[in-house]
Amino acid sequence: MKNLNLLPAILIGGPPRSGKSVLAYSLSQALRKRNIAHYLLRAAPDGEGDWAQEMDWERVRAIRFKGQWDEHWVRVVCRDIAARPLPLLVDVGGCPTEEQLVIFDQCTAAIVIAPNDDDAQWWRMLVTRRGLTLVADLRSMLDGEDVFLPSAHGELRGVICGLQRGRQASGVVFEALVEHVARLFDLPQEELARRQLAAAPREAHVVRFDLLARDPDLAKDQRFVEERLDAILARVPEGEPIAAYGRMPVWLVTALGARRDLRWQFDSRLGWVRTPRFAVAAPGEVLPEVQVGLRFALVRESPQRVQLHVSRVAYYLDYAEMEGVRVPYMPSEARVYVNGPSTPAGGLPLWVFAALGRAYRYCAEVRALQAHAQMD
């Protein structure tokens with residue numbers, strides 16, 4: 001059944017090794033440079049995010065998580081696409097089964113990319129059958145030059161070359177695709193923000209971190225500076241529930257969970273989400289190594305200095321299952337350093353860091369480190 005969300009959701013589909021993930025990543029990066037608000041959702045459980053395009057392939061192979069197409073996965077993906085708060089690019093993978101085609105029904109349009117006409121015909125048939133508008137029909141080649149092809153129905157058609165892992169797409173066909181998608185996604189930023197802020201929880205004080213990031217006393221090039229954490233927190237009210245709107249680094253979200261009442265966050269995939277309440281184990285209690293897709297491991301530098309390594313064993317964490325996750329006990333005098341997965345993007349939703357900051361707020365210090373960094 002088609003959902004009624006009017007924001008565009010463009011599916012990117014094609015056979016395996018056709019360049020889908022590289023195209024999706026490159027397209028998202030190009031839209032970001034134009035400040036086009038959107039979200040890239042990888043709806044296939046192959047364990048690769050943006051980080052897989054940004055690091056050595058041998059390292060990617062070592063840390064990637066290969067999930068499974070199952071009923072739960074499909075249901076969660078469909079739910080999130082249907083509830084999208086931003087325009088979406090949806091990388092759907094290369095081998096969807098009949099049962100998985102319900103994901104197509106949550107989208108509004110499609111980009112097909114394939115190495116030859118036979119493969120492309122099968123994908124075009126799927127797109128037509130599910131009632132999607134065909135935005136672009138592309139042929140991918142490793143070598144050669146981009147070429148535009150005739151189009152009978154208004155979609156962009158052409159040969160796009162050089163879609164190789166670790167490189168961003170370029171060329172005249174790619175640039176034309178960026179222009180076309182940008183027009184579809186280019187909703188006024190003020191209107192998007194108005195809609196999203198209008199849906200904010202009424203019981204919370206909304207803090208516009210997107211506006212605070214423009215303050216040169218708090219940020220550099222609109223990126224918050226960790227050395228200015230106390231100055232940033234001074235702009236956030238104490239003693240009342242906070243709803244955070246805007247992009248934030250993990251160290252700031254963790255600090256807000258620990259030192260303010262960060263009750264809600266705006267998530268680009270889910271909309272407004274309430275910070276889950278994690279429960280701290282009793283002293284001496286032995287916890288399962290894995291809980292609801294999260295793995296916790298302690299590295300004790302000393303009784304007062306502890307690293308908590310957090311990683312995921314499920315590619316797609318289900319926010320709805322996170323309430324009540326039990327985390328390892330820490331003494332009140334401990335300085336806790338939360339350490340995310342060793343990927344450039346951290347690999348965990350921000351609400352996990354917020355929940356950990358809240359859980360350990362009784363400790364002497366709670367701080368988030370980037371990607372298995374060493375403690376100073």
Using the Kirkwood formula on alpha carbons, the hydrodynamic radius of the chain in angstrom works out to 22.2 Å
Test of understanding: what is the full-extension gain from Glu227 to Asp70, defined as 0.36 nm times their sequence separation minus their Cα-Cα distance? 52.1 nm
Which trypsin sites (Lys or Arg not before Pro) in the stretch 209-297 sit in a loop by DSSP (not H, G, I, E or B) and have at most 15 other Cβ atoms within 10 Å of their own Cβ? Arg214, Arg235, Arg247, Arg277
List residues of the stretch 89-120, by number, whose backbone nitrogen lies under 19 Å from a label position 7 Å along Cα→C-beta of Asp143. 115-116
Counting only other residues whose beta carbon sits under 13 Å from that of Pro241, what net charge do I get with K and R as +1, D and E as -1? +1
I want to make sure I understand the PRE zone here: with the label point 7 angstrom from the Cα of Ala199 toward its beta carbon, which residues in the stretch 246-273 have backbone N atoms less than 15 Å away? 246, 265-273
For Arg300 and Asp186, calculate 0.36 nm times their separation in residues minus their Cα-Cα distance, and state this gained length in nm to one decimal. 36.2 nm
Given just the C-alpha atoms of the stretch 9-187, how large is their convex hull per residue in cubic angstrom? 113 Å³
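Which helices pass in the chain if a helix is a full DSSP H run, must span at least 24 angstrom along its long axis by Cα, and must have mean Kyte-Doolittle hydropathy not below -1.0? Could the numbers behind the result be given before it?
Working: long enough: none.
For the chain, where a helix must reach 24 Å along its axis and average at least -1.0, there are no hits.
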Can you figure out the FRET efficiency of Arg165 with Ala83, using R₀ = 30 Å and their beta-carbon distance, to the nearest 0.05? 0.45
Stretched out fully, how many nm does the piece from Arg129 to Tyr329 gain, at 0.36 nm a residue minus the Cα gap? 66.7 nm
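Here, each number is a calculation from the coordinates, and none is a lab measurement. Remember, predicted model here, so these are calculated numbers, not experimental data. Every residue, glycine as well, gets a Cβ built from its backbone with ideal geometry; the counts of neighbours run over all protein chains shown.
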